[in-house]
Amino acid sequence: MALTRLGLNQAVNLSTNTTGTLGVANGGTGRTAVTGNVLQVIRASTTTTTTTSSTSMVDITNLTVNITPSATSSKIYVIMNVNGIASSASATSGVSLRIYRASDVSGEAINIGFGTTDALNDSATLTALESPSSTSELTYKGQCKNREATAISVNNGSDTSSITVMEIAG
């Protein structure tokens, strides 16, 4: 490999005369995206209380996030943390939670994460990893229901719930 020495006041076009990764000092990111790298992170949080007596899943207010994958090979990792889960029935009232993707290419709903809790003023964390094979915008939501048709609430009091999605290079 030939080595070229530059004199004073000489310029090199880094966009055409470099290979590999462009260093941070030269305007690059300093790294190359490889399988497993986190490409983007999007988060939504809410303190709004959601109350329902429904035995069907309902959206948790303001617990929705949109992400547009950069490649069809990307995976989406979702973390949902729901706090202040309370029931008007009893400490053993069953609350179901899920991470829900609004639709796939065929328009069908996708349940990608599911969990339950049985305690008052409880919290729950759900995670899911999926390969949507899409570069279209995807919508992920937190949903809840009470299995006993009594009133439940999420974010009871001053609690905060959140949903975070990460695009992982595939």
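The single condition among (1) at pLDDT 95 or above; (2) touching a Cys at 6+ places or on another chain (Cβ under 6 Å) that Ile60 does not satisfy is (1).
Selection of the range 71-90 for residues being closer than 25 Å to Glu148 by Cβ and open to solvent by 40 Å² or more (accessible area, probe 1.4 Å) yields Asn81, Ser88, Ala89, Ser90. For the criterion of being open to solvent by 10 Å² or more (accessible area, probe 1.4 Å), at positive phi and assigned to a loop (DSSP other than H, G, I, E, B), Ser158 fails.
Restricting to the range 54-70, give me the number of residues that are assigned to a strand (DSSP E or B) and either open to solvent by less than 60 Å² (accessible area, probe 1.4 Å) or closer than 12 Å to Leu138 by Cα (or both). Count: 8. The one condition from (1) under 19 Å from Ala44 (Cα atoms); (2) surrounded by fewer than 17 Cβ atoms within 10 Å (Cβ to Cβ); (3) modelled with pLDDT of 85 or more; (4) more than 15 Å from the chain's Cα centre (by Cα) that Ser123 does not meet is (3).
Considering only the range 129-142, state which residues are under 15 Å from Ser96 (Cβ atoms) and either open to solvent by 10 Å² or more (accessible area, probe 1.4 Å) or among the aromatic types (Phe, Trp, Tyr) (or both). If the condition is that a residue be under 15 Å from Ser96 (Cβ atoms) and either open to solvent by 10 Å² or more (accessible area, probe 1.4 Å) or among the aromatic types (Phe, Trp, Tyr) (or both), then Lys141 is the only one that fits. Say whether the condition of being on the phi > 0 side of the Ramachandran plot and at pLDDT below 75 is met by at least one residue in the range 78-97. No, every residue in the range 78-97 fails to be on the phi > 0 side of the Ramachandran plot and at pLDDT below 75.
The values are calculated or read from the model by the stated rules, or taken from the named source; none is laboratory data. Note that the structure is a prediction, hence the values are computed from the model and not measured. FYI the Cβ positions are ideal-geometry reconstructions off the backbone, even for glycines, and counts take in every protein chain you see. What goes into the accessible areas is simple: the full protein's heavy atoms, side chains included, and nothing from ligands, DNA or RNA. Shrake-Rupley method; radii C 1.70, N 1.55, O 1.52, S 1.80 Å.
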